[in-house]
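To start, the structure itself, in structure tokens.
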Amino acid sequence: MKKQNNELEEMRQQMAILKEKLNAQELVSDRLLRESMLGKMSFMKKYTWVSYFLLAFVCVVYYWMCSALHLSWWLYAFTLVIMTADVACDAYINRFSREQFMTGDLLETSRRMVWMKQMRKRSLMVSLPMLAIWIAWMGAELYAG
Amino acid sequence: MKPKQDEQTFARLVREHKSTIYTVCYMFSKNEDEVNDLFQEVLVNLWKGLPGFKGDSDVRTWIYRVSLNTCISCDRKKRKRKSVPLSIDINPFTDSDEDSRQVQQLNRRISQLGPFDRAIILLWLENMSYEEIGQVVGISTKNVSVRLYRIKEKLKNSPAPDPVSDR
């Protein structure tokens with residue numbers, strides 16, 4: 001017990017040393033503050049916007065491909081449906097954005113992270129088989145065409 | 001609050017609590033780059049959260065909450081943005097004076113713990129009451145007491161961190 005108390009007391013002293021060192025440092029520059037206030041989008045938001053753009057891009061390009069390669073419009077529709085569902089699912093999962101749970105307590109944050117991971121796993125369990133179906137269908141149409 | 005007042009409040013808050021923010025980021029990092037990244041992430045989240053901070057909890061508690069949540073949930077692999085370097089002329093990771101070695105030992109000890117336990121012991125080392133710790137973390141005061149006891153036992157029973165094999 002005495003040894004444990006000494007160890008903890010040592011940790012407290014080490015913390016005090018760190019704080020003393022940091023208090024002597026400026027750490028925060030005006031530039032750093034300015035960059036933070038610019039409110040740059042987090043990676044997940046950028047990822048979501050890129051997904052939307054990619055979906056629109058695929059709609060156009062795939063339409064052209066279907067025409068050029070004489071692929072069925074059913075395949076086109078299926079592609080659009082699964083891509084839209086995937087993007088919508090991502091947007092829903094990431095809807096619980098960091099701003100929302102940043103000011104919550106740790107337990108809430110941890111629970112949301114666990115929830116997000118579980119949701120991503122579940123969406124993968126659906127999207128991978130869909131992808132397999134799409135590849136097989138595409139392959140069959142290209143072979144037949 | 002007008003935008004200019006927001007900026008002044010933000011700047012004042014960050015400067016007043018810079019050591020707290022850095023300490024949390026340091027205890028969740030392995031090197032200087034990670035600390036810089038986390039520090040800037042925390043600042044971004046503080047800025048975004050400032051309008052929503054109604055003052056119903058202590059400012060210090062709020063700062064801890066945002067800092068710890070950021071550090072725990074930040075995915076380092078995904079962060080590609082180049083961070084602004086901190087205005088700091090010490091390096092708590094590599095400096096070799098006696099004080100820095102003490103601080104590095106603290107970092108190694110705390111790094112043995114999982115993120116949640118790391119947060120709890122950090123708050124305890126900052127002399128926060130069990131009730132305050134519970135508010136930040138989201139568990140009851142009794143639960144804080146139980147968890148702290150287990151953390152202290154774990155720290156006591158784990159081998160002393162090896163400075164040579166570190167990094």
Legend entry - Residue pairs meeting the criteria (Cβ under 6 Å; at least 6 apart or on separate chains; first more than 11 Å from chain A (Cβ to nearest Cβ), in segment B:137-155; second open to solvent by 30 Å² or more (accessible area, probe 1.4 Å) and assigned to a helix (DSSP H, G or I)): B:Thr141/B:Tyr130; B:Thr141/B:Glu131; B:Val144/B:Tyr130; B:Ser145/B:Tyr130
Inset, instruction - Could you run through segment B:131-164 and say how many residues are in a helix (DSSP H, G or I) and surrounded by 17 or more Cβ atoms within 10 Å (Cβ to Cβ)? - result: 12
Inset, instruction - With a cut-off of at least 2 residues that are exposed (fewer than 15 other Cβ atoms within 10 Å of the Cβ) and modelled with pLDDT of 85 or more, name the helices (runs of 4 or more DSSP H) lying wholly within segment A:35-145. - result: A:43-69, A:73-94, A:106-144
Legend entry - Residues satisfying the stated conditions in segment A:104-116, i.e. among the hydrophobic types (A, V, I, L, M, F, W, C) and closer than 22 Å to A:Val87 by Cβ: A:Met113, A:Trp115, A:Met116
Legend entry - Single residue of segment B:82-92 satisfying the filter (open to solvent by 70 Å² or more (accessible area, probe 1.4 Å) and within 9 Å of chain A (Cβ to nearest Cβ)) that is nearest to B:Phe28 (Cα to Cα): B:Pro85
Legend entry - Selection from segment B:93-119 of residues that are within 7 Å of chain A (Cβ to nearest Cβ) and either farther than 14 Å from B:Val35 by Cβ or at pLDDT below 90 (or both): B:Asp99, B:Gln102, B:Gln105, B:Leu106, B:Arg109, B:Phe116, B:Ala119
Legend entry - Scan of segment A:117-145 for residues that are closer than 12 Å to A:Asp86 by Cβ and more than 21 Å from the chain's Cα centre (by Cα), ordered by number: A:Trp134
Legend entry - Yes/no for B:Asp89 being outside the structural domain of B:Ser67 (by TED's automatic domain parsing), more than 16 Å from B:Leu155 (Cβ to Cβ), over 14 Å from the mean Cα position of the chain (by Cα) and at pLDDT below 90: yes
Inset, instruction - Have a look at B:Ile133, B:Ile110 and point out the one that is in contact (Cβ under 8 Å) with a residue 24 or more places away in the chain and in contact with a helix residue (DSSP H, G or I) (Cβ under 8 Å, 6 or more places away or on another chain). - result: B:Ile110
Inset, instruction - Out of the residues in segment B:8-53 that are more than 7 Å from chain A (Cβ to nearest Cβ) and among the basic types (Lys, Arg), state the one that is least open to solvent (accessible area, probe 1.4 Å). - result: B:Arg12
Legend entry - Filtered residue count, segment B:10-63, keeping only those that are out of contact with any helix residue (DSSP H, G or I) (no Cβ under 9 Å at 6 or more places or on another chain) and of a type in the set (A, V, I, L, M): 0
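The values are calculated or read from the model by the stated rules, or taken from the named source; none is laboratory data. Note that the structure is a prediction, hence the values are computed from the model and not measured. Every residue, glycine as well, gets a Cβ built from its backbone with ideal geometry; the counts of neighbours run over all protein chains shown. The protein model used for the area step is the full one, side chains on, heavy atoms only, and it has no ligands, DNA or RNA in it. Shrake-Rupley method; radii C 1.70, N 1.55, O 1.52, S 1.80 Å.
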